[in-house]
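A short write-up of the structure that comes next.
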Amino acid sequence: MERPHWAPGDIDLERPSVARVYDYWLGGAHNFAADRAVAQQAMEKMPDLRGIVLNHRAFLGRAVRYLLGRGVRQFLDLGSGIPTVGNVHEIAQSVDPAAKVVYVDIDAVAVAHSRSLLDGNKQASVLHADIRDPAAVLASVEVNDLLDFEEPIGVLMIALLHFVSDQEKPLDIIGGYRDRLAPGSFLAISHAGYEAEEETDEWREARRLYERSVTNTTLRNEVEVARLFDGFELVEPGVVRLPAWRPQSPDDLDGAERSFPGFCAVGRKV
C-alpha cells in the first residue's frame, strides 16, 4: 500500500488503530484501508454504531459549552484523537479567543494532524503521550507552558476509559489528574457500556470483532461509571445515557432510550 503523504513513516499501515477507526466512524479522511475494513465490518454487525460514536462527539460539544458557561477557559483533552469537526479549541475559542486547550494522544497520526491544525494557534497545543501516565502528562512542557493549575481546568475523557482495563486502575489514573486540579475544575467522561441484561447479540459480535482486530475494551455500567467520579461532585443530571445529558434540541434525544450503549457525566472538584 502506498503511504499517504500525511502518514508518519513509522506507522504500520496494516494495523488498525483506535484513533483511525474512530476517525472513519466520524466521517474523517485520515484512516487506512485496514482501519476502514474493521470499521465497516463492525457496522455490518451493529448498524447503529456510527450514530453511537456521533453521540460521544455531540456530548463533547455540549460538555465544553457547559464548562464555558461556568467560566472555565482551560481544557485538557485526554485521548483527543484525530482532529475533526467540532474540536475543543474551535468551540472554546469561538466563545473566548483566549481560551487554552492541550490535546493529548498516543496515536502518531492524531498528533501529527493536531499539530498541523494548530499551527499558528498560540492558545492550543498537542502532546504525544500515554494518558495512563498522568505524572508524565502533567510534567510536560506542553501542559505547563499553557495551563495554569491555580485556576479551574476542564479535563475531558471522551470515549476513552473503555480502553482502560480494571487492571490498569482507571481510578488511580483519574486521581493523578484530579489531585493536581484546582477546586472548581471539572471532569467530563463519556464511556461505552450498558447494563448486563441489555447486551444484544449484535453488540456482542461487534465487540468481539473490534477486540480481535484493534484492542480490548472494558464496558462499564451506570454504577461503575459513577465510581470514576471519585472526588468530584456530579452536576445535574448525573450519570445518564449519552443523548440524555443536557440535550439542546429534540434531535439530541434521538436514541435516548434506556438501552443506549453509552453513559456520560460531568463532575466538579469541590
Extreme residue, surrounded by the most Cβ atoms within 10 Å (Cβ to Cβ), among residues of the stretch 84-100 that are in contact (Cβ under 8 Å) with a residue 40 or more places away in the chain and in contact with a strand residue (DSSP E or B) (Cβ under 8 Å, 6 or more places away or on another chain): V88
Which of the residues belonging to the stretch 26-56 are over 19 Å from the mean Cα position of the chain (by Cα), surrounded by fewer than 18 Cβ atoms within 10 Å (Cβ to Cβ) and small (G, A, S)? A33, A37
Quick test of your reading of the structure: E236 fulfils all but one of (1) assigned to a helix (DSSP H, G or I); (2) out of contact with any helix residue (DSSP H, G or I) (no Cβ under 7 Å at 6 or more places or on another chain); (3) more than 21 Å from F149 (Cβ to Cβ). Name the failing condition by number. (1)
Does the stretch 178-197 contain at least one residue that is more than 19 Å from Q93 (Cα to Cα), within 17 Å of the chain's Cα centre (by Cα) and aromatic (F, W, Y)? no
Flag if V111 is of a type in the set (V, I, T), under 30 Å from A182 (Cβ atoms) and in contact (Cβ under 8 Å) with a residue 60 or more places away in the chain: no
Among the residues of the stretch 192-206 satisfying the criterion of being out of contact with any Phe, Trp or Tyr (no Cβ under 8 Å at 6 or more places or on another chain) and either closer than 13 Å to V21 by Cβ or not in a helix (DSSP H, G or I) (or both), which is modelled with the highest pLDDT? A192
Out of I91, I131, report the one residue that is of a type in the set (V, I, T), under 25 Å from G267 (Cα atoms) and touching a helix residue (DSSP H, G or I) at 6+ places or on another chain (Cβ under 6 Å). I91
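The values are calculated or read from the model by the stated rules, or taken from the named source; none is laboratory data. Since we're looking at a predicted model, the values are computed, not measured. Methodologically, a virtual Cβ is constructed for each residue, glycine included, from the backbone with ideal geometry; neighbour enumeration extends over all protein chains shown.
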